[in-house]
Amino acid sequence: MQEEQEDTMTTRANPRTETAPMAVIERLVELACLAPSVHNTQPWRWEYDGRAITLRADPDRRLVTSDPRGRNLTISCGAALHHLRFAAQALGWEPVVEHLPPGDETVLARVFVARTAHHPPLPADIELMRARCTDRRRFTAWPVPEDQLAALCRIATAWTVDAVAVTDNADRFRLELLANQALTALEIDPERLEEQESWIDRPGDEGIPSDLLPDHPDPLHPRGRFRLGVLEDTRLVIHSGDRVIALGAGSDDVGSWLRVGEALSALWLEATRAGMSVVPMTQPIEVESTRREIGRTLLAGAFEPLLLVRVGWQVIGRRALPRTARRPLDEVLSR
Ligand SMILES: Cc1cc2nc3c(=O)[nH]c(=O)nc-3n(C[C@H](O)[C@H](O)[C@H](O)COP(=O)(O)O)c2cc1C
């Protein structure tokens, strides 16, 4: 953090510094909002004061039953923060991020967008942000090579989080059992179910449309967290080659959640670049008993599990998915 603050001051003190104009700030926030968020709640608020972009969580968008402490809310904001930084770099700027700056605990981050030299834009990176999506259709049987899994874990750990791929068969089996236990906890809790259901086919620019929920249960994993939708999925019985990566940190607090969100975004964008598909699986983390069991058994207490993601391959030439909606800029950015 201290290093980042020093960086910020150097950037501001340099007489050749060009500060990003409002049109760039607006474009960056729009791109940041393409980030994934739990149930597409888009729980972020941005503010630009002519100097820095401030990111806060929107507490009214927290899932009060399934996310009482705001873990998924903050992870979603962390993903948007990484998207903002990634977009700024792709457009040739030199973003400087201050995480959890002192003085106002509602502020998750401040981002200064300026540049001291010309950098060519990276249109492929902007395209990547538009291409990334949550595809819940069945993965193919193609295995994710160990070196690719390790590379994705390294991308995540660069954001000072812990990341481990669950590759051992006994661990994978145990994780499936825990995921099933977590689903049972959801199914017998009418408040949780109702909350989740309320984010499906929601009017307005938020939530998950049933066009994005598969229309057929996977015979090998018949229980998903969402009800069936109308997205056509294969009827083939596939022993899917996907793998799970567990992301976490030494502590279960706001700072760790924010970094896990950044790591999630970085990992997801690079997986998309490599042609892989990523689907978060947060149900076993939302249920405290299964979360603790994952930490104790699968991770041997090495770190606090904060997010699980499935990574795998989708069929080549599959039908492109419609994009989930995003709220208009004026609703999320004050300036
Ligand atoms: C913290 C977090 C938790 C999520 N949990 C799940 C999940 O358990 N199951 C799932 O299918 N998608 C999950 N998602 C994916 C979101 O539903 C998805 O990002 C959102 O609907 C927006 O769609 P998009 O990713 O296609 O832009 C999660 C995303 C985030 C950031």
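Every number in this text was worked out from the coordinates using simple rules, so none of it is lab data. None of these values were measured; they are calculated from a predicted model. Here Cβ is always computed from backbone atoms with ideal geometry, including for glycine, and neighbour counts include all displayed protein chains.
Need one number: convex hull volume per residue for region 111-223, Cα atoms only, in Å³.
On the way: hull volume 25.5 nm³, N = 113.
Output value, Cα hull per residue: 226 Å³.
Indicate, rounded to the nearest 5 percent, the antiparallel portion of the DSSP beta bridges found entirely in the chain. Write down the numbers at each step before the final one.
Working: 34 of 38 bridges.
So the antiparallel bridges in the chain amount to around 90 percent.
For region 97-103, what does the Karplus curve 6.51 cos²θ - 1.76 cosθ + 1.60, with θ = phi - 60°, yield as ³J(HN,Hα) per residue in whole Hz, taken in order and with x for Gly and Pro?
With coefficients 6.51, -1.76 and 1.60, one gets 10, 9, 7, 6, x, x, x Hz.
Label region 146-312 by shape, choosing from rounded, prolate and oblate, from the square roots a ≥ b ≥ c of the eigenvalues of the Cα gyration tensor; if a/c is under 1.5 it is rounded, and otherwise prolate applies when a/b is larger than b/c, oblate when it is not.
Cα axes put region 146-312 in the rounded bin.
So if R0 is 45 Å, what FRET efficiency would R227 and M22 give, r being the distance between their Cβ atoms, rounded to the nearest 0.05?
Working: r = 43 Å, r/R0 = 0.95.
With a Förster radius of 45 Å, E is 0.60.
In a Gaussian network model over the chain where Cα atoms closer than 10 Å are linked, find which of M281, M22, M129 has the largest mean-square fluctuation.
Residue with maximal mean-square fluctuation among M281, M22, M129: M22.
In deg cm²/dmol, rounded to 500, what helix-only [θ] at 222 nm does the chain give when every DSSP H run of at least 4 residues adds -39500 (n - 2.57) and the total is split over its residues?
Values: 11 runs with 125 residues, N = 335.
Counting only the DSSP helices, I get -11500 deg cm²/dmol.
Step through the residues of region 110-120 one at a time and calculate ³J(HN,Hα) from phi using the Karplus curve (6.51 cos²θ - 1.76 cosθ + 1.60, θ = phi - 60°), rounding each to whole Hz and writing x for Gly and Pro.
In residue order, the calculated couplings are 10, 10, 9, 10, 8, 8, 10, 8, 7, 10, x Hz.
Express the relative contact order of the chain as a whole percentage, based on alpha carbon pairs under 8 Å and six or more residues apart in sequence.
Details: 623 pairs, mean separation 78.9, N = 335.
About 24 percent, as a whole number.
For the Cα atoms of the chain, what angle does the longest principal axis make with the long axis of helix 22-32, in degrees from 0 to 90, nearest 10?
20
Distance between Cα centroids, region 197-237 to region 111-130: provide it in whole Å.
Centre-to-centre distance over Cα atoms comes out at 34 Å.
Report, in degrees rounded to the nearest 10, the 0 to 90 angle that the Cα long axis of helix 169-187 makes with the longest principal axis of the chain.
The angle comes out at about 90 degrees.
Can you tell me the 0 to 90 degree angle between the C-alpha axis of helix 146-157 and the longest principal axis of the chain, rounded to 10?
Computed tilt is about 40 degrees.
Tally Lys and Arg at +1 and Asp and Glu at -1 over the other residues with C-beta under 10 Å from the C-beta of L329: what net charge comes out?
Working: positive: R27, R326, R327, R335; negative: E26, E30, D330, E331.
Here the count lands on 0.
Compute the signed sum of charges (Lys and Arg +1, Asp and Glu -1) over the other residues within less than 9 Å, Cβ to Cβ, of W46. Please list the in-between numbers first.
Working: positive: R45, R56, R335; negative: E47.
So the environment of W46 carries a net charge of +2.
At a temperature of 10 °C and a viscosity of 1.306 mPa s, determine how fast the chain diffuses translationally according to Stokes-Einstein, using the Kirkwood radius over alpha-carbon pairs as Rh; express D in µm²/s, rounded to the nearest whole number. Each step should come with its number before you reach the end.
On the way: Rh = 20.6 Å.
Using the Kirkwood radius from Cα pairs, D works out to 77 µm²/s.
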